[in-house]
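Data block below; observations after.
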Amino acid sequence: MSDQQRPLEAFLLAEGCGSLQLAVPLKGRLVLRTGESADPFLVQTDQGAWIVGVKGEVGLKVDLLSAHPLRYETRLLGDHLGVGADSFTVPLSKGGDVQVALGVGRIRRDHAVGSSLGQARHPRGPWVDSSTPQEEAWLDAALDPDDPVIAWLHTSLGTRFADSIEPGCEAAFRLLITRDRVALVAISRMGDVTVSPLPDQALILTEGRTPSLQAGDQSWEPVGNTSAFRQVASLPAQQGSARVRAAAAKATEAGAEGNILADHLLTRLLPDDAPIDRLIAAARARPVRDGELRHALAGLPRNGDGALALAEWAAGWSPALEVVDRVLASLVLEAEDPVASRFSLPLHRVQRDRVLAASSDPFAQAEADIALAEHLLYAGEVAEARALLLSRRPALPDEELAEVLPPEDADLTAGEGGQPAHIRLLE
């Protein structure tokens, strides 16, 4: 902190205005109660923004957020700031700092919902475009702290704020998607805000040379972010925790940055909202522990909804094949009879399809089919098991009988034999 700023900080603390975060020297005249003049500074603290002047033991502060009229004009030789009857000139290199102080301060004044000034959230993720300090301040102030930002995407739409403190001030709309909101939001550098809610419906993306999007009666074009819009287009149709869960699943497909977002979103799901959430988290842990998997599975209802949730978990989250095998083994082991074993069949069908998609080895594919067929037979689904095995047998490479049978020196007591896939299919 410079020698010039120390008297300002001491005065602000004594006046209960919070800790100094920014001090911008202005050109102008600030008259103290003693009749003397002090050099004016625009200051920002964690509680607001003021014009402050200090000389010796005497100081004066003017609350910018309650001043009327308050005006800001962009000028070639230094921007102009009008505060009530006083007028100040902003140094050429300091216009951006003053605009941030004014914009953030006005947003905090008008949207006192989130945390305090200076703790604005900085959203990150594969579907988050760049944001200004004013935008981040609004996201922090206007959104519930537990409402995660899923998407913040630039659009081609813009608007003009006729009643801004800066005449003709403009801003571009961003698409905002959170757990609780879908909206187009425009925030000016002066802290003017307009929010246009969008319906809880999937975005309509029209591909082509010039892609376009539509939501309700609003339409716009991407700004170099068509891929991100394509990935989030279906999310507005979901609501609440279902939207967060769907976004987290999609984020896992977006590399390291997406996986960080997925883990963050999972922590924002409502407690006990859906038992499957515990399994999702347990399967993403490093390392994956059997005890945590069993604990998560214990909370799943053993009915059609639970079975569907398991299948959707395997298909949508793409957990490691080995982890799904462990889950299947646990579920099959707990099944007391053939009827109970049917609960995990939808999951096993998805797992078999994933193995076939992941491996071109005909014997590995056969093993996946055989494992599912054994499960189907035990559950009484004989027709499906028969069809599965009959379709698999021709896909295996032809082998002579000598190749199927074990070699002469094989130790049969140790489980050595010929091609296990052929033998088990024949069985």
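The values are calculated or read from the model by the stated rules, or taken from the named source; none is laboratory data. These figures come from a predicted structure and were not determined experimentally. When we count neighbours, we look across all protein chains shown, and the Cβ atoms used for this are built from the backbone with ideal geometry, even at glycine.
Summary of computed values
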| item | result |
| --- | --- |
| Tally of residues being in a strand (DSSP E or B), touching a residue at least 40 places away in the same chain (Cβ under 8 Å) and touching a Ser or Thr at 6+ places or on another chain (Cβ under 7 Å) across region 38-74 | 1 |
| Only listed residue being among the aliphatic types (A, V, I, L, M), at pLDDT below 70 and farther than 19 Å from SER344 by Cα, chosen from ALA387, ALA414, ALA366 | ALA414 |
| Members of region 307-324 that are free of Cβ contacts under 8 Å to residues at least 60 places away in the same chain and out of contact with any helix residue (DSSP H, G or I) (no Cβ under 7 Å at 6 or more places or on another chain) | GLU312, ALA320, GLU322 |
| Residue match in region 11-18 (condition: at pLDDT below 90, more than 25 Å from PHE161 (Cα to Cα) and either surrounded by 13 or more Cβ atoms within 10 Å (Cβ to Cβ) or under 40 Å from the mean Cα position of the chain (by Cα) (or both)) | yes |
| Within region 224-328, helices (runs of 4 or more DSSP H) holding 1 or more residues that are under 18 Å from the mean Cα position of the chain (by Cα) | 226-232, 240-251, 255-267, 276-284, 304-317 |
| Residue that is surrounded by fewer than 21 Cβ atoms within 10 Å (Cβ to Cβ), hydrophobic (A, V, I, L, M, F, W, C), touching a Gly at 6+ places or on another chain (Cβ under 8 Å) and under 30 Å from LYS250 (Cβ atoms), where the choices are ALA183, ALA142 | ALA142 |
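For (1) modelled with pLDDT of 95 or more; (2) assigned to a helix (DSSP H, G or I); (3) farther than 21 Å from LEU26 by Cβ; (4) among the hydroxyl-bearing types (Ser, Thr, Tyr), each residue gets a yes or a no:
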residue: PHE88; (1), (2), (3), (4): yes, no, no, no
residue: ARG106; (1), (2), (3), (4): no, yes, no, no
residue: ALA112; (1), (2), (3), (4): no, no, yes, no
residue: SER115; (1), (2), (3), (4): no, no, yes, yes
residue: ARG121; (1), (2), (3), (4): no, no, yes, no
residue: GLU135; (1), (2), (3), (4): yes, yes, yes, no
residue: ASP144; (1), (2), (3), (4): no, no, yes, no
residue: ILE150; (1), (2), (3), (4): yes, no, yes, no
